[in-house]
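Down below is the structure, laid out as C-alpha cells.
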Amino acid sequence: MLVQLSDLPVVGLMDKDPANIGRIFYGRPVLGPAELVSQRVDTIIIAASDIYWQTIASRIAPLCQQLGITILLPDGNTPNPAGSRLPIKLPERSELAARLARHDAISFDLFETLVVRAASHPDDTLHLAVARSGVPASALAARKEAEAVCTEKAGRFAYPLSRIYDEMRTARGIPADVAERLHHAEIAAEIELSVPRRPVLDILNQCRRDGTRIAIVTDTHLQRSTIESILAHCNIGPVDLLLISNEEHASKADGNLFDILKARLDAHHILHIGDNPVSDELHAVEHGLDACRLMSPNDLLTHSTLMPLLSEVLTLSDGLLLGLVSRRLMENPFSAIAPDRRPTVDSFESLGYCFFGPALLVWLGWLIRRLQETPADHLLFLAREGYVLAPLYNRLREALGLQESLPSGTYFATSRRMACVSALRTSADVRELLRDNYSGSSEGLLRLRFGLSHPNARQDDHLTHADTAAAVLIENRMAEILANAKDEREAYLAYVIRLGIMEQDRVAVADLGVKGSIQHALQRMLERPLDGYYLTGTFGEDNPFNMTENTACLFPPILNGRESDIYRHHILWESVLVAPEGMYVRVSRDGSMVNAPPGMNQSRFREKAAIHAGIAALIEDWMALGHDPAAERINPGLVDRLFGQVANQDIVISEELKASFYVEERFSAETERKIWD
C-alpha cells in the first residue's frame, strides 16, 4: 500500500499494540495519539484485509472524531455509518405471556405460524410437486387457472383441493392420470416441507400445560387427513378444536371463520395468534377476538437486511435453499432480527447451517459435476480443510449412488510448509521459495519456511524475505536445507504410496483454495500434474503458478459482475474448516505424522464441531427434499451474497461466536490472532 500511496505524504503507521509506538516498519514510524497531533494527520487509511475494515474503523473512530481525522477504506469509501436503517420492533415474549394469562382460549394459525415450509415463495411447493411427479410443465399453469376459477365461484379457501383437480380434468383438458399424479405429489410436498416453528410450538405446549383451551384455525384447501398428517409430522399433539376453512365454507380471509370459532369454542376470552396482518390480526379483532401477530419467517426475511437476496433467487432450487435458511434463521418471531433489521445469530449450529452450509452444498454439487466430466482415480481433500470437506463429499457420493463412478474422498495430510519443503530439489528452488512473504526472526525463517528443526539461529532479530540478511542466511545453510528436503520428500512419497496412489493414476485435489500453492508444490514433488478443484481463489490468467488448465474454482474474485464475498473473506473459511490437530509439519521416517502444537481453533474445537454439524444438517435437509445438488444449478451468486452477510457483519453475531474465530500463520510468520479482534 505504501508503494501505491507513494505520491501522498504518508507520515507514519498505526497499530493497536501500544508497545509498537516508536518502532520502524517499512521505513515508517508507528505513531501514537500525540504524534498524530504533532504531525497534523488529517486522514487515516486502513491497511488490512477487507474483513477487518469495519472492525478497525470502529476501534479508531472515537479518537479520529476527537482529533478531526477522516477514516478512509482502501476502496476509497468511508466506513458505514451506524444507525442508517429504520428500526423495527418485534413483540416481546414476556408481553405475550402476560396476554396469554388474560385469556381462557388460544387460537393458532397453522401455516407460517405453528408450521413453516422450506420455501421462499408460496408457489415453490407446487413447482416441487411438478418436478417430482414428472408431469408436463403445462400442468402447473392449468392447476393455477383451475384454482382461480374455483376461488371465483366459492370464495378463497372455501373449497377442498380435490375440487381444483376436478376442474383441471373437466374444464382444462388435463388427463386424469396427470392430474392424479400432481395431486398426490402436492399433498406429499405439503407434508414433507412442513416443520414445526419451535418457539411458537413452545407457546402452544405451555398453554396446554396451563389448561388453556387450544384451537387451530387454518385457511387451506387441504383436507383434514392431510392436516392431521402435517400435525403428526411436526409432533403437534391434539387440540380442542381444529377448524379448516374448506370444511366450513368460510375463511379467516373473509373473517367468517372466526364467528364459527367463537360459536364452537367454549371460551369467553380468545386470543388469536397468526402471521397475516389482515386475516389473522385485523379480521380477528373485527370479529371480537384479541389478536397477536407473529411475523412469518418469510416476512421477517423481507423486513430484514437480507431482503436484497431475493433478487438472487432465479430458480426453484434457489427458492428452496433460501427457504431452508429462512425457516432456520427466522424461526424465532421474538428475536430473529435486531431493531436495526439485521438478523441475529446466537448459535454455532445456525451459523454453519445458514451461512457456510449453502456455499458448501453448491460447491460439492459443482465438484461432483467436474469429476463426472473429468474422471479421477483418487480425490485428495487437503488437510486441514479436508477434515470437514471429505466426509461431506463421501456422504453425498453415497447418497447419490455414485460409489462406482466417482473416487472416494481421502483426507490427505499436507500443509503449505510440508509440501513446499518436500518439493525443494535445487538451490534455485530454495531461492524461489524465499521470495514468498516472511516476517520474523532468523530462527523462524529456517524452521517455518525451510524445515530445519533446530536451526541454531538468532531468535531475537527481525528480518523479512526481501532483506539481504535473509538471502545470506539461506545461502549459508543451503546444503542443510536441501538435505532436510530430501529426507522429508522420501518420507512423504512413501506416505503417498501407502495411500495406494500409483504413478499412472489420475489424481485430483480439493481444497478451500486461493492460489493453489500446495497443489503447485505437490506437483513438483510428485513430478506430474494434478487436477485442482477449489472453493475460491485466483485460478485464471492471474494464477501465480500458471495453473490455468488443470485448476478451477466456483467462487472466483469476480462473480456475476461483482466481487465475491467468499473470495474476499476466505479467512473466515480458514477458521471454520479446521481439524482437531495442529498444522501438519512433515512425515517421519516411521510413517507417523508430525504436527505443530494445537492452536486456539483446536482448543475451541467443540465450537467448530458445532458449526460443522450445522453445515452437515443443511446438506441433509437439502437431500431430504429429494434434490440432487450435482444436478441442480443453484445460483452461486445467491450463496455468495448470503455468506457475505457474515463477512460484512450485516448480521448480529454474538460475542461468544466471534470469540471462536482465530487465524493462524506458520509459513509467512508465526502468529495467531482473533479475526474479530
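Derivation of every value follows stated rules applied to the coordinates shown; laboratory data play no part. Here the structure is a predicted model, which means the values were calculated and not measured. All Cβ positions, glycine included, derive from the backbone under ideal geometry; neighbour counts span all protein chains shown.
Per residue of the stretch 536-550, what does 6.51 cos²θ - 1.76 cosθ + 1.60 with θ = phi - 60° give for ³J(HN,Hα)? Whole Hz please, x for Gly and Pro, Karplus curve as stated.
8, x, 9, 10, x, 5, 8, 5, x, 9, 6, 8, 10, 7, 10
If you take the beta carbon distance between Glu672 and His184 as r and set R0 to 51 Å, what does 1/(1 + (r/R0)^6) give as a FRET efficiency, to the nearest 0.05?
Using R0 = 51 Å, I get an efficiency of 0.35.
Please list 337-343, 70-76 highest first by mean number of surrounding beta-carbon atoms within 10 Å per residue.
Values: 337-343: 18.4, 70-76: 13.0.
The most tightly packed comes first, giving 337-343, 70-76.
Can you pull a Stokes-Einstein diffusion coefficient for the stretch 1-82 at 4 °C (1.567 mPa s), Rh from Kirkwood over Cα pairs, as a whole number of µm²/s?
Answer, rounded: 97 µm²/s.
Ranked by Cβ crowding within 10 angstrom, fewest neighbours first, how are Ser441, Ser304, Ser58 ordered?
Ser58, Ser441, Ser304
Roughly how big is the chain's charge dipole about its Cα centre, with Cβ charges of +1 (Lys, Arg) and -1 (Asp, Glu), in debye to the nearest 20?
Magnitude of the dipole: close to 880 debye.
Could you list which residues have their amide H under 5 Å from that of Ala291, counting only those 5 or more apart in sequence or on another chain, with H placed in the peptide plane?
Under 5 Å from the amide H of Ala291 lie the amide H atoms of His272, each far enough along the sequence or on another chain.
Amide H neighbours of Thr344 under 5 Å, counting only residues 5+ apart in sequence or on other chains, H built in-plane at 1.01 Å?
For Thr344, whose amide H was placed from the backbone, the distant partners under 5 Å are Ile337, Ala338, Val652.
Using only helices, what value at 222 nm comes out for the chain when you add -39,500 (n - 2.57) per DSSP H run of length 4 or more and divide by the total residues, to the nearest 500 deg cm²/dmol?
Taken over the chain, the calculation gives -12500 deg cm²/dmol.
To the nearest 0.05, how large is the calculated FRET efficiency for Glu247 and Asp346 if R₀ is 45 Å and r is the Cβ-Cβ distance?
It comes to 0.65.
Return the sequence-ordered ³J(HN,Hα) values of the stretch 521-526 in whole Hz as given by the Karplus equation 6.51 cos²θ - 1.76 cosθ + 1.60 applied to θ = phi - 60°, using x for Gly and Pro.
For the stretch 521-526, the Karplus curve yields 5, 5, 4, 6, 5, 7 Hz.
Under a plain spin-label model, where a point goes 7 Å from the Cα along Cα-to-Cβ, how far apart in nm are Arg589 and Ser654?
Computed distance between label sites Arg589 and Ser654 equals 5.2 nm.
Counting every Cα pair in the stretch 347-463, what percent are over 22 Å apart?
55 percent
Figure the gain on full extension for Met623 and Arg93 (residue separation times 0.36 nm, minus the Cα-Cα span) and round it to one decimal in nm.
Additional length available on full extension: 187.4 nm.
Rounded to the nearest 0.05, what FRET efficiency do Ile571 and Ala141 have when you use their Cβ-Cβ distance and R0 = 35 Å? Mind showing how you got there, number by number?
Details: r = 48 Å, r/R0 = 1.36.
Here the calculated transfer efficiency is 0.15.
Using bins 10 angstrom wide from zero, how does P(r) for the stretch 455-581 break down, in % of all Cα pairs?
Calculated P(r), rounded to whole percents: 10, 28, 30, 26, 5, 0.
Hey, can you rank 149-155, 406-412, 479-485 by average C-beta count inside 10 Å, highest first?
Packing proxy ranking, top to bottom: 406-412, 479-485, 149-155.
Measure nothing but the geometry: give the 0 to 90° angle between the long axis through the Cα atoms of 357-373 and the longest principal axis through the Cα atoms of the chain, rounded to 10°.
For helix 357-373, the angle is close to 70 degrees.
Compute the separation of the alpha-carbon centres of the stretch 620-647 and the stretch 378-405 and state it in Å as a whole number.
Using only Cα atoms, the two centres lie 17 Å from each other.
Largest first and in whole Å, what are the equivalent-ellipsoid semi-axes of the stretch 527-608 based on the Cα gyration tensor, each being the root of 5 times an eigenvalue?
Values for the stretch 527-608, descending: 29, 21, 8 Å.
List every residue whose amide H lies under 5 Å from the amide H of Ile214, counting only residues 5 or more places away in sequence or on a different chain, with H placed 1.01 Å from N in the peptide plane.
Close amide H contacts, sequence-distant or interchain: Ile106, Asp240, Leu241.
Express in nm, to one decimal, how much length is gained between Asp290 and Lys486 on full extension, taking 0.36 nm for each residue of separation and deducting their alpha carbon distance.
Working it through step by step, the gained length comes to 62.6 nm.
At His454 and Phe25, where each label point lies 7 Å from the Cα along Cα→Cβ, what is the point-to-point distance in nanometres?
3.4 nm
Let's test this: bin the Cα-Cα distances of the stretch 227-316 at 10 Å from zero up to the farthest pair and state each bin's percent.
Answer for the stretch 227-316: a P(r) of 14, 35, 32, 16, 3 percent.
If you line up the long axis of helix 176-193 against the longest principal axis of the chain, both from Cα atoms, how many degrees apart are they, to the nearest 10?
60 degrees
Per residue of the stretch 385-401, what does 6.51 cos²θ - 1.76 cosθ + 1.60 with θ = phi - 60° give for ³J(HN,Hα)? Whole Hz please, x for Gly and Pro, Karplus curve as stated.
Karplus-based 3J(HN,Hα) across the stretch 385-401 equals 4, x, 4, 8, 6, 4, x, 5, 4, 5, 5, 5, 4, 6, 5, 8, x Hz.
Given a cut-off of 29 Å, name the pairs among Lys153/Lys262; Lys515/Lys658; Lys486/Lys674; Lys144/Lys252; Lys16/Lys658; Lys144/Lys262 whose C-alpha atoms lie farther apart than that in the structure shown.
Violating the 29 Å Cα-Cα cut-off are Lys486/Lys674; Lys144/Lys262.
To test your reading of the geometry: what angle, between 0 and 90 degrees and rounded to tens, separates the Cα axis of helix 138-154 from the longest principal axis of the chain?
That helix lies at roughly 40 degrees to the long axis.
Can you give me the three principal axis dimensions of the stretch 93-295 from its C-alpha atoms, in Å, biggest first?
54, 31, 25
Considering every Cα-Cα pair within the chain, what fraction, in whole percent, is farther apart than 46 Å?
Value for the chain (Cα pairs over 46 Å): 33 percent.
What nm distance separates the two modelled labels at Ser427 and Thr70, each placed 7 Å from Cα along Cα→Cβ?
5.3 nm
Students often check this: by mean Cβ neighbours within 10 Å, which of 278-289, 654-665 ranks highest, and how do the rest follow? Don't jump to the answer; show the numbers that get you there.
Values: 278-289: 18.7, 654-665: 16.8.
With the highest mean Cβ count within 10 Å placed first, the list reads 278-289, 654-665.
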